[in-house]
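Have a look at the structure below before the remarks.
Quick note: the coordinates plus some simple rules give every number you see, no bench work behind them. All values reported here derive from a predicted model rather than from experimental measurement. Ideal geometry is used to build each Cβ from the backbone, glycine not excepted, and the neighbour counts take in all protein chains shown.
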Amino acid sequence: MAEGHRATSMDALGRIEPHEFVAAEKLPLRFVLDQIRSGLNVGSVFRTADAFRLEGIDLCGYTARPPHRDILKTALGAADHVSWSGHEHTVEAIRQLKEEGVRVFALEQASNAMALEQWTPLKGERWAVVLGNEARGCTEEVLGAVDGVLEIPQFGVKHSLNVSVAAGMVCWQAFRSMGPPGD
């Protein structure tokens, strides 16, 4: 460990308990997971949703649902208190969210996309971001149903990120814009 730095006990970090999480004010953001193949990715998104205290997650199509063993492996208990709902069709979930006043964007590489760092959601607004299938991304049907598209600028050969890494980047940008939940 670097000189002058000490490990902090978990108690000193001021973490809330799972039962407190349920009642606590949330960052007004949720993820819509569209046909995610890997339960490990789903579990990682649950863990990220816990870390940023998001409103919840919508699990669509064949995306695994708790208590799937791969979700539980990477969620490390977050699936027990992060709110989630299952939907047969992603577009139906998007329509329902929009009817509830939620602005829905997709995270995808598209010609009309806004760079993630330019996205500045405001306090008082509710948002959902669709994360598409690991291999195919978001379908044209999904892109036609959302209010806009966000894109993470990339400069490497692959031009793709793991879905759970992308989820973390979206959360960080939302936090930078809106601040922590409850502030």
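Okay, here's what the table says:
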{"read-out": "Net lengthening on full extension, K123/A23 (0.36 nm per residue, minus Cα-Cα)", "value": "34.1 nm"}
{"read-out": "Folded to 0 to 90 degrees: helix 90-99 orientation relative to the chain principal axis, Cα", "value": "80"}
{"read-out": "Folded to 0 to 90 degrees: helix 39-51 orientation relative to the chain principal axis, Cα", "value": "60"}
{"read-out": "Helix-derived mean residue ellipticity, 222 nm - over the chain, DSSP H n ≥ 4, -39500 (n - 2.57), to 500", "value": "-9000 deg cm²/dmol"}
{"read-out": "Exposure proxy ranking, count of Cβ atoms within 10 Å, fewest first, for M178, M169", "value": "M169, M178"}
{"read-out": "Surrounding net charge for I36, when Lys and Arg each add one and Asp and Glu each subtract one, Cβ distance under 13 Å", "value": "-1"}
{"read-out": "Estimated FRET transfer efficiency when R0 is 35 angstrom, pair Q96-H159 (beta carbons, to 0.05)", "value": "0.65"}
{"read-out": "Likely footprinting exposure, W172, W119, fewest C-beta neighbours within 10 Å first", "value": "W172, W119"}
{"read-out": "Lysines with Cα under 18 Å of K123, excluding same-chain neighbours fewer than 8 positions away", "value": "K26, K98"}
{"read-out": "Nearest-0.05 FRET efficiency for W172 and A135, computed from C-beta distance (R0 41 Å)", "value": "0.95"}
